[in-house]
Amino acid sequence: MVILIMLLPVLAACGSSESDPEPTVENVSADTILSSASTRIAETQSMQFRLAVEGDTFIDTTRTIRLVAARGQLARPDSVAVDFQVSLFGAGSVSIRMVSIGPRAWTTDLLTGNWGVAPAEFGYDPTVLYDNQNGLGPIMGRIEKPQLRETEEVRGRTAHHIAGTASAETIALVTSETMTGSMIGIELWIDAETSDLLRVRLEEPEDSGKANRAVWTLDLTDHGKQVAIEPPI
């Protein structure tokens, strides 16, 4: 026993290394996590998404169609199939389906449900989430004063939780310029193992000038799983 106790410091020294330790959930920085997540989303060819919207977000120029929720799938370089839940004139929610492939876009008619060419006033295009200049990936490199919070579990995955702010101009394309105010609150949940972006939360500030400030919660799943998006018949 005495010999074993004397050997413990030696064994500990043999098990150590002078090289820098591998990053862990505890010691990795917010900037490093964001950089890895930005690179990862640039490499991801497809994903599913689900968006929940609180407050006022209008997706048409006449401000009569309020976005409530959306879900769908994205495929690079520029394809999306999505089902929007919207409120018309403050009434109950209805569904609008949309398919966008490159410059072409189709939506279902609110009254008949039939497919047709998307009207010009239908302003929100989810393919912007993939944009290489102003989409989710580049936005992660423009967050101001990102702070790493305690890790959380998101859909069974250990996730880094990062909070910060971004200017309305920074997120303008992603939100179709629907969010206003000096600095938009932004939170991200990033898979600690794969660097996949799992969740994004955007919140308008108090100086937005809106009585019913918008809060978006976007969940991203099925990263890299193949999808087929075809024009509607």
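Restricting to segment 56-78, what's the tally of residues that are of a type outside the set (Ser, Thr, Tyr), touching a residue at least 24 places away in the same chain (Cβ under 8 Å) and outside any strand (DSSP E or B)?
5
Which numbered condition trips up Asp109, out of (1) at pLDDT below 85; (2) surrounded by fewer than 14 Cβ atoms within 10 Å (Cβ to Cβ)?
(1)
Assess whether Ile171 counts as being under 30 Å from Ile101 (Cβ atoms) and not in a strand (DSSP E or B).
So Ile171 passes the test.
If I ask for residues that are touching a Gly at 6+ places or on another chain (Cβ under 9 Å), modelled with pLDDT under 90 and either under 15 Å from Leu202 (Cα atoms) or surrounded by fewer than 19 Cβ atoms within 10 Å (Cβ to Cβ) (or both), which ones from segment 129-157 would you list?
Across segment 129-157, the qualifying residues are Leu129, Asp131.
Hey, can you tell me all the residues within segment 27-51 that are part of a strand (DSSP E or B), of a type in the set (S, T, N, Q) and out of contact with any Ser or Thr (no Cβ under 6 Å at 6 or more places or on another chain)?
Within segment 27-51, Ser46 is the sole residue that qualifies.
Can you tell me which condition Ala81 does not meet? The list is (1) more than 17 Å from Asp56 (Cα to Cα); (2) hydrophobic (A, V, I, L, M, F, W, C); (3) surrounded by fewer than 16 Cβ atoms within 10 Å (Cβ to Cβ); (4) in contact (Cβ under 8 Å) with a residue 12 or more places away in the chain, and all the others hold.
Here Ala81 meets the rest and fails (3).
Yes/no matrix, rows are residues, columns are (1) touching a Ser or Thr at 6+ places or on another chain (Cβ under 6 Å); (2) part of a loop (DSSP other than H, G, I, E, B); (3) of a type in the set (Val, Ile, Thr):
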site	(1), (2), (3)
Val53	no, no, yes
Ala81	no, no, no
Ala91	no, yes, no
Pro119	no, yes, no
Val128	no, no, yes
Asn134	no, yes, no
Pro138	no, no, no
Arg142	yes, yes, no
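The values are calculated or read from the model by the stated rules, or taken from the named source; none is laboratory data. The shown structure was predicted, so the numbers you read here are calculated from the model rather than taken from an experiment. Cβ atoms come from the backbone with ideal geometry, glycine included; neighbour counts cover every protein chain shown.
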